[in-house]
Amino acid sequence: MTRLAVEGLRATHEDMRAVFAGLGEADWQLASACAGWRVQDLLAHVTSNFKEMVEPTPPPADPSTLPALTAEQAMEALVDPRKGWTPAELLAEYERYCDGALAALGAMQDEPLASTEIPLADLGTYAMHWLANAYCFDHYCHLRHDLLAPGGPLTASVAPADEARVRPGIEWMLAGMPQMCGDALALVRRPLRLELTGVGGGAWTIHPAEPGALAVIEESTSTPADATIRSGAHEFVSWGTKRSDWRTACSLAGDTDAATAVLDALNIV
């Protein structure tokens, strides 16, 4: 299971809480690096997710009236009603639901929940234990890439990124890549290696998809590959989600044309 993700989410929650506590009134209105969202809107996003984990919004009497939303549209739908809230109201909600959300995600690391599969809109279908990784990734990415400089508008001191903060999000990105990025991985004709350095890193081989099946990504340091992509693990969170250009962080070896085609098309949500 992925228990480290619950630990990492708790740690990043504390990092985020400390950053928010030091903000002035004008800071909340600054544009974050997440397109269309202010600093305040990013807090609305993470707190609405915690609330939905603990107290899901009841579905309508006729579920067929629900529109088919992408994951990004669903997140926007949770942020919109909170755009008029004050930062104090958002922070109060964040604190109110944090412990319950962490407890729920921790419970999902045990059977029978751990292996129970759930659909996540257009992101694919996953065993429930992966939700902790998804939340850990979401908090880490928004804090370290969208809020804090150099990518974001805020300058604040936070604890150094460690294995618990970084690794679960990397694992989520790689677990989700075959379902989220099928078009990009369809360009993989020969095994492609991804080497991520630094805290949370490792080496993975992306294998070509068999007909009618998803691509397979295995953690491996010895499987032969035709091309190798090297990057820092922290930087992967940025360029893997198209927040930055992979060319600023990656070095390529082997069949660079094949690697370039995949990297240009890759966009993990």
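The values are calculated or read from the model by the stated rules, or taken from the named source; none is laboratory data. Source: prediction; values computed, not measured. We place every Cβ from the backbone using ideal geometry, glycine too, and count neighbours over all the protein chains shown.
Criterion first (within 17 Å of the chain's Cα centre (by Cα) and assigned by TED's automatic domain parsing to the domain that holds N49) does D122 satisfy it?
Yes; evaluated as a whole, the condition is true for this residue.
Screening the candidates G200, G152 for the property of being within 21 Å of M75 (Cβ to Cβ), out of contact with any strand residue (DSSP E or B) (no Cβ under 6 Å at 6 or more places or on another chain) and either crowded, with 20+ Cβ neighbours inside 10 Å or at pLDDT below 95 (or both) yields one hit, G152.
Of all residues in segment 20-43, those that are within 14 Å of E95 (Cα to Cα), surrounded by 14 or more Cβ atoms within 10 Å (Cβ to Cβ) and out of contact with any Phe, Trp or Tyr (no Cβ under 7 Å at 6 or more places or on another chain) total 1.
Sort out which residues of segment 78-119 are outside any helix (DSSP H, G or I), without any contact (Cβ under 8 Å) to a residue 40 or more places away in the chain and farther than 23 Å from N133 by Cα, and write them in order of number. Answer for segment 78-119, where residues must be outside any helix (DSSP H, G or I), without any contact (Cβ under 8 Å) to a residue 40 or more places away in the chain and farther than 23 Å from N133 by Cα: G84, T86.
Answer yes if at least one residue in segment 122-136 is more than 30 Å from S222 (Cα to Cα) and in a strand (DSSP E or B), and no otherwise. Scanning segment 122-136 turns up no residue that is more than 30 Å from S222 (Cα to Cα) and in a strand (DSSP E or B).
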